[in-house]
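The values are calculated or read from the model by the stated rules, or taken from the named source; none is laboratory data. Since the structure is predicted, the reported quantities are computational estimates derived from the model, not experimental observations. Cβ placement follows ideal geometry from the backbone for every residue including glycine, while neighbour counts extend to all protein chains displayed.
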Amino acid sequence: MGSVLGQLGGVYAIWLREVKRALRDKGQLIGGVSRPLLWVLILGIGLNPYFRGEVYGEVRFVVPYTYIQFIFPAVVVLNILYTSVQSAVSLIWDREFGFMREVMVAPISRNLVLLGKVLGGATTAVIHGCMVLAVAHFVGIGLTLETIIKALGLMFLLSFGLTAFGIIIANYVRGFEGFGVFSNAVILPLYFTASSVFPLDPALTRAQTLVTYPEWLVVIVEHNPMTYAVDAMRGILIRFNQFDPAMGFAVVAGMAASLFALAMWEFRKI
Amino acid sequence: MARNAASRPTERKRHWVFDFVPLATCFALLIGLGFLPPDTSSAEVDSTGRLSVCMPANYPPLVTGNAEAPGFEVELVREIADRLGWRLNIVTNAAMGRDFNPRNWRINRAQCQMLAGGIVLSATTQSFLDTTRPHLQTGWALITASDLDITELNGPVGFYAGLTGLDRIGLGQYLRELGLSPKIVNSANALRQDLDRGAIEAGVSEGLLAAYLADDNDLTVTLLDAPLDRFRLGLGFWKGDVTLQRKVEATLGAIWSDGTMAQIAERYGLDSEFLCDPKEQTCA
C-alpha cells in the first residue's frame, strides 16, 4: 500500500512540476492567447461575411453554422495540438540539464515517470483549450454544463495522446531548435488537413465531394486522425458532424492509447 | 534562524498563488474580448433607425392584414422596434406561410434584417436562419362545436394545413389510425364556414389559427398531444447577425417579463398554452 502511494506521489510530483513549469512559461501563455485572438477574432470575423449562406439574394450554401462557428472547435484543437506537442520540450530540457538522470534514479518506474509527464502536459493543454472556450460568447456558441463536461473529456483524451506524441518526437530530436522546427512541420500540416478551415460537406456523396476537391486532398483529410478529433469537437460545440459522431471519440481514444503505448516503448531508450 | 524558518512556508504559498496570476490575466483578457461586437448588424439598424421585417401577407392570428388588429407578431415586432427606438418597416412576402422551406421564400438581406410571422424552429429553418429562443408554440389542433375528443368523432372532418413547417405526414398517419379521412379545404374561412353550416363535425388545423378561428365563436379548440409533436416559433435572422439577434432577444425577454406579451396574446385569443418564456425557453 505504502509502495503504491509512494509511486502515485512520484507521479503527482512530476505532474505538478510540469504544470508549474507551464504556468511560469510566459511565452507558452502568450501563444495560448494569441492563437484564439488571431484565428477566431481576426480570421474568423474577416472571413465570416464571405461564407454566410446568403449574400444579397444569392444562396451559396446552406449550413447550420457560420464560418466563425465552424472554425471555432478547430481552434480549440489547434491550441491543444500546439501545447501538447510543445510541452514535450521539457523532456529535451530535462535531458540537457541532467534533471532526467535524477528522476530516473528515483524509486519510481519509468512508465510512471512518463505518465506524470504526459498527465502534466495534458493538463496544460486542456487549460489552453479552455482559453479558446473563453471567447465562445463572441462566436455566439452557448456553453451548457453538459457541453463543457463533454468538451473537457474530449480535450483531455486528445491532449493525452498528443503529449505522448510530442514525447515520441522529443525522443528523436536532440536540440531545442530542432524540436521547434520539427513540431511546426508536424502541427500545421496536421491542422490544415483536418477539415479545420474548410468543410467536406456531409450531404455530398463521395463522388460529389471529389468534384468539389481534388482526390489527393480528400484522401489526406480522410486519413488524418485529427479530422475526426476536430469533427468530434464540432459535434459537441456546434452540434454538427461530418462523420459518424461515435467515430471521433473512438479515433481520439484509440490515438491516446496507441501513442501512449508507443511513448512507453520510446521512453525505455532514454 | 527561527524567523527565517517561520516565514518560509508563507513565502512558498504566496509564490504558488502568484503562479496563477498570468493565467488568470490571460483568461480575463480573452473573456473580455469575447464581449466585443462580432458583426455590424445591430449598428446598421441603429444608423438607419429602421428595422425591416419580412412577414407573410396574411396568416391569422400572427399577421391579419387588419389595420386595427394587425396580428400578434406584427404587434410584437412593433413593440420590439419601439423599445429599441427603431421605426418598423414590414415587407410582406407571399411565399412565407405557403412554402415550408425558407430557401424558397426568395428573400434576402437587402429586403429585411429580421423574419417573423410564423418562423418554426425546425432543422430546415435553422439551416438557413439564426433564430431567437421560442416565444410561441403550436401543434395540430382540433376545432369542434361540442366538447368531443378526437377519438369520439364519427362525422366528416375538415382539414386546413395553415402554418408551414408542421409535420403533415405524421398527422396523416395519426388520422388514418383513428379511421378519419378529412376533407381538405383551401382556406381558414372555408373551414369555419363548413363548421358553422354543420357540413363537418370538426376541423383539424394548426393550433394558433384554430384558436383565432374559435375566438368569438362557440367553438372548442384542443391541441392534439402525443404522438403528434408541438412546434416552437421564434423570430429569424440572417446567419451571423449575432448583435442584432442578441439585442432583440433581450428586448423579447423584457416584453415577456413585464406581461406585455401576454396582453398582446390575449387580444388575439391566444391563451397561455401557446406562449413560451423566451428567457427560460419553457412552454406550457
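Entry remark, the stretch B:210-245: residues being of a type in the set (Phe, Trp, Tyr) and more than 14 Å from chain A (Cβ to nearest Cβ) number 2 in total.
Is it the case that A:Arg206 is in contact (Cβ under 8 Å) with a residue 60 or more places away in the chain and surrounded by fewer than 18 Cβ atoms within 10 Å (Cβ to Cβ)? No; evaluated as a whole, the condition is false for this residue. For the stretch B:26-55, taking the residues that are in a loop (DSSP other than H, G, I, E, B) and over 16 Å from A:His137 (Cβ atoms), the one that is farthest from the other protein chains (Cβ to nearest Cβ) is identified as B:Gly49. Each residue in the stretch B:149-191 was checked for being under 29 Å from B:Ala116 (Cβ atoms), free of Cβ contacts under 8 Å to residues at least 60 places away in the same chain and of a type outside the set (S, T, N, Q), and 13 of them qualify. In the set (1) of a type in the set (Ser, Thr, Tyr); (2) within 26 Å of B:Ser127 (Cβ to Cβ); (3) touching a residue at least 12 places away in the same chain (Cβ under 8 Å), A:Tyr191 fails one condition alone, (2). Pairs linking a residue in the stretch B:254-269 that is within 17 Å of B:Val221 (Cβ to Cβ) to a residue that is part of a loop (DSSP other than H, G, I, E, B) and not hydrophobic (A, V, I, L, M, F, W, C), with Cβ atoms under 7 Å and 6 or more positions apart or on different chains, are B:Tyr268/B:Pro61; B:Gly269/B:Pro61; B:Gly269/B:Asp215. Of the residues making up the stretch A:22-47, just one is of a type in the set (Lys, Arg) and either touching a Phe, Trp or Tyr at 6+ places or on another chain (Cβ under 7 Å) or surrounded by 17 or more Cβ atoms within 10 Å (Cβ to Cβ) (or both), namely A:Arg35. Among the conditions (1) more than 30 Å from A:Ile45 (Cβ to Cβ); (2) at pLDDT below 80, B:Gln281 misses just one, which is (1).
Of all the listed residues (B:Asp194, B:Asp215, B:Asp241), the sole one being at pLDDT below 80 and charged (D, E, K, R) is B:Asp215. Those helices (runs of 4 or more DSSP H) of the stretch A:70-143 in which 1 or more residues are away from chain B (no Cβ under 12 Å) occupy A:89-96, A:99-104, A:110-133. Residues that are at pLDDT 85 or above and assigned to a loop (DSSP other than H, G, I, E, B) were ranked within the stretch B:110-155; the one that is nearest to B:Gly172 (Cα to Cα) is B:Leu121. When B:Ala214, B:Ala262, B:Ala202 are checked against the criterion of being crowded, with 17+ Cβ neighbours inside 10 Å and touching a helix residue (DSSP H, G or I) at 6+ places or on another chain (Cβ under 8 Å), B:Ala202 stands alone in meeting it.
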